[in-house]
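In what follows, a structure is listed as structure tokens, so that the remarks can point back to it.
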Amino acid sequence: MSSNVITVSGMQIEERPWLDALQRWLTTVDHKRLGILYIAYGLSFLLVAGVEAVIIRIQLMRPHNNFVSPQVFNRMFTMHSTTMVFFAAMPILFGFSNYLVPLMIGARDMAFPRLNAFSFWLSALGGLLLYFSFIGGSGLYGAGSAPDVGWWAYAPLTARAFSPGHSTDYWTLSVLVSGFGTVGTGINIIATILCMRCPGMTLNRMPLLAWLNLVMAGMVLIAITPLSAAQIMLLVDRYLGGHFFDAQAGGAPVLWMHFFWIFGHPEVYILIIPCFAFMSEIIPVFSRKPIFGYPVMVAATVCIGFISMSVWAHHMFTVGMSSYANSFFTFTTMVIGVPTGIKIFNWLGTMWGGRLQFKVPMLFCIGFLFQFLIAGLTGIMLACAAFGWQLSLSYFVVAHFHYTLVGGVVFAIFAAIYYWYPKMTGRMTSERLGKWHFWLFLIGFHLTFDLMHFPGMLGMPRRIYTYEPGRGWDMFNFLISIGAFIQAIAVLVFVANLVISYFKGDKAGNDPWDAWTLEWSVSSPPPEYNFASIPTVASRRPLWDLKHPEDPDSRYE
Amino acid sequence: MSAIANPFPQASASWRLPDRGKIAMSCLILAESAIFTIFVVAYLFYVGKSLSGPTPRDVLETPIFYTICLLSSSLTIHLAAKLLVRDKVGSFLFLWLLTFALGGLFLYGTGKEWHKLIYVDGLTISTNLFGTTYYSLVGLHAFHVTVGLFMILIVAICALAGRVGVEQAHRVEVLSMYWHFVDVVWVVVFTVVYVVGR
């Protein structure tokens, strides 16, 4: 990213032609470039899945609409969710992990740079495979169809008899392949954090982002793999005549549900824990105070990681499990709210008494805190099995998880992009455009997802392509769709900000936010080797020690 | 960055972190264990639930000899790795090739068993629940054995070309961790399929 033009008294060495640059990007093993590739890839798919969401909302804007056929509608919600989870959120979050972890721990690269590149390309090509289904899949309805079985792909809908053609196989294979890439990155992150920290950086002095990525990577190892196993079983059923989920041979489709949700629930914690990491890095800097309760934050995250493995069947309350099972999963789901609540208190404790700076990253962080809290509360409501019996598969659940995923994950991603954009590109973003983005997105988000709880409580089921008028859902759906359009405009403002700032933004120095972790000690963007000499640290905030040698943190830790 | 004073001059000297190859292989083993756990759970869930067709008791013969082969190969690979650390390349190569032979023998035994099951007993992956879960679980394990043998073969070829010495001892140790994992999985699969499941 740094200029390739060197002027040497009279001579000028030309910039490399674009083909050279393209080849360097395609063959890179540098964690920073791979991080940027992941983020750019994820943002592109975020926009594509956003278009799919807008199509869904246009169809649902009024009853008996016929903007898209029911078959296309099914493909839209399947592709929207599959894309958002696997090819938008995960790549962006892994991109940030890739970019930041080595820099924050004082290393020159990840532990296995080539594995890093391999994992990226596996995930990237998996995503392209999924979208190839639009032209390559063949289903009951003629040539070219994307998967339409929902992102959970429940058995026996996915059996050969009920999903002929290849659309389900595109879902299975693309997610399977990118799952292997994800596990590779998980291994890489753990090896990097455990084996490549700079001298003096004990685990107790690591930035919280590194700690939380360590927990997330551990969860990846044991949560993604059950999905891979289940998908192999599905392929055996579909192509080798197996009977894993075949009720006619004595098999149990509910087994797919168990296996899927053993993956699916930890997966959403894999998505949110890096977002917690962003909060833990950004909020202290814009409160001008160190994070409140570092050890408890670590302990709470580890607890969340463990407990999240034991809550999965709260997605299955309506399946007819015994009351013992329902009670157990109600209990564990409520318990997981405790460490999460502790973290929210600690972020608030960080802000309390600090000198708050309401820059754009901080605005998104405050939105996150408020929204994730509400999402957690509706989650506790749903955790109650009896309440879940009423509201399962209704728009209340859709509202709840979009509150966590958009109000939580997407807001945190925006905060992280605004915060680390200067480091990655050497340019500051426009505060004005950033604030327009924030307020428009906030208004659109709340218009859509606050209101969405009510059709759910009034009985509107999920995944329906249209509905009867006069049930009290009409005005809600209309306003929800308006909110979606407002969010779309906000995202366009965001993209414009990123593009314009790249060319016209103010130059950023090493440390535009006056922060304290090691990535801010190198130039923006960092040199390929990260650090001229590997640093030695003596506290959790090495740059604070550097800037305030008369009052270093190392005296108090 | 060199402006940060080093407050702990001893820290750099005694700063030792775990080995990344071993940590990475441990992580891979953890992830693969999760995959195998799911297949074992499916197997146990479906024990006795087949509606028709051959049952385990009818057709399974306990593969004691081939199991001993595989478990011995864990011993030989362990000894081979230790010999390489002491730069005894000749003895290492002998034990390494013995490991390969024992592993190959195990795969041959699996193939023989499957041949009998398919052609004599009429049990395939699509026959019934037992067939599906048995071939998936044992097949997944055999696949991992095959991959391990392939890696062992690559090392063997390099060793025969004289390119493996004490400098590669660490990599050989990491590979042997994988092989031990494959063995431990067989112990679990053996217990579940041939002991508990019958």
> How far, in nm, would the chain grow between A:R114 and A:V68 when pulled straight, counting 0.36 nm per residue and subtracting the alpha carbon separation?
Replying inline: 12.2 nm
> Extension gain A:Y556-A:A299, at 0.36 nm per residue separation less the Cα-Cα distance, in nm?
Replying inline: 90.4 nm
> Pulled fully out, how much extra length does the chain show between A:Q23 and A:R432, if you take 0.36 nm times their separation in residues and subtract their Cα-Cα distance?
Replying inline: 143.7 nm
> Hey, got the dipole for chain A? About the Cα centre, +1 on K and R Cβ, -1 on D and E Cβ, debye to the nearest 20?
Replying inline: 420
>> Can you tell me the orientation of helix A:253-287 relative to chain A, as the angle in degrees between its alpha-carbon axis and the longest Cα principal axis, to the nearest 10?
In response: 30
>> What number do you get for the range B:63-160 when its Cα radius of gyration is normalised by 2.2 N^0.38 Å, N = residues?
In response: 1.29
> Convex hull volume of the Cα atoms in the range A:132-276, per residue, in Å³?
Replying inline: 115
>> Under a crude label model (7 Å from the Cα following the beta-carbon direction), how far is B:W15 from A:S322 in nanometres?
In response: 5.5
>> Using the basic label-point model (7 angstrom from Cα toward the beta carbon), what is the B:A161 to B:F45 distance in nanometres?
In response: 4.6
> Taking square-rooted eigenvalues a ≥ b ≥ c of the alpha carbon gyration tensor, is the range A:319-379 rounded, prolate or oblate, where a/c under 1.5 means rounded and, failing that, a/b exceeding b/c means prolate?
Replying inline: prolate
>> Considering just Cα atoms, how many Å³ per residue does the convex hull of the range B:20-196 enclose?
In response: 102
>> Within chain B, which whole H helices from DSSP have a Cα span along their axis of at least 15 Å and a mean Kyte-Doolittle hydropathy of 1.0 or more, if any?
In response: B:20-45, B:64-85, B:129-160, B:169-190
> Taking the simple approach of a point 7 Å from Cα along Cα-to-Cβ for both B:V147 and A:L240, what is their distance in nm?
Replying inline: 1.5
> Label 7 Å along Cα→Cβ of B:F94; the range B:133-161 residues with amide nitrogen under 13 Å?
Replying inline: none
> Roughly how tilted is helix A:474-504, in degrees to the nearest 10 and between 0 and 90, from the longest Cα axis of chain A?
Replying inline: 30
> How large are Rg and Dmax for the range A:14-105 when only the alpha carbon atoms are used, in Å?
Replying inline: 18.4, 61
> Expressed as a whole number of Å, what is the distance separating the alpha-carbon centroids of the range B:88-118 and the range B:20-36?
Replying inline: 23
> Can you give the Kirkwood hydrodynamic radius for the range A:337-453, in Å, rounded to one decimal and based on Cα pairs?
Replying inline: 15.5
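Find the percent of Cα-Cα distances in the protein assembly as shown that exceed 36 Å, and round it to a whole number.
That fraction is 48 percent.
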>> What is the distance in Å between the Cα centroid of the range A:324-400 and that of the range A:446-486?
In response: 22
>> For the range A:459-533, I need the span (max minus min coordinate) of the C-alpha atoms along each principal axis, in Å, sorted largest to smallest.
In response: 68, 26, 22
>> In the range B:32-55, whose amide N lies under 11 Å from the spot 7 Å out along Cα-to-Cβ of B:V120? List them in ranges.
In response: none
> For the pair A:I489 and A:W352, what calculated FRET efficiency results from E = 1/(1 + (r/R0)^6), where r is the Cβ-Cβ distance and R0 = 35 Å, to the nearest 0.05?
Replying inline: 0.50
> Using Cα pairs under 8 angstrom and six or more residues apart, how large is the relative contact order of the range B:20-196, in percent?
Replying inline: 34
> In degrees from 0 to 90, rounded to the nearest 10, what is the angle of the helix A:360-383 Cα long axis to the longest principal axis of chain A?
Replying inline: 30
> Once amide H atoms are placed 1.01 Å from N in the peptide plane, what residues at a sequence separation of 5 or more from A:R427, or on another chain, have their amide H within under 5 Å of its amide H?
Replying inline: A:A508
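No value in this document is a laboratory result; all are computed from the given coordinates. This one's a predicted model, so the numbers in the text were calculated from it and none came from an experiment. Every residue, glycine among them, receives a Cβ derived from its backbone with ideal geometry; neighbour counts consider all protein chains shown.
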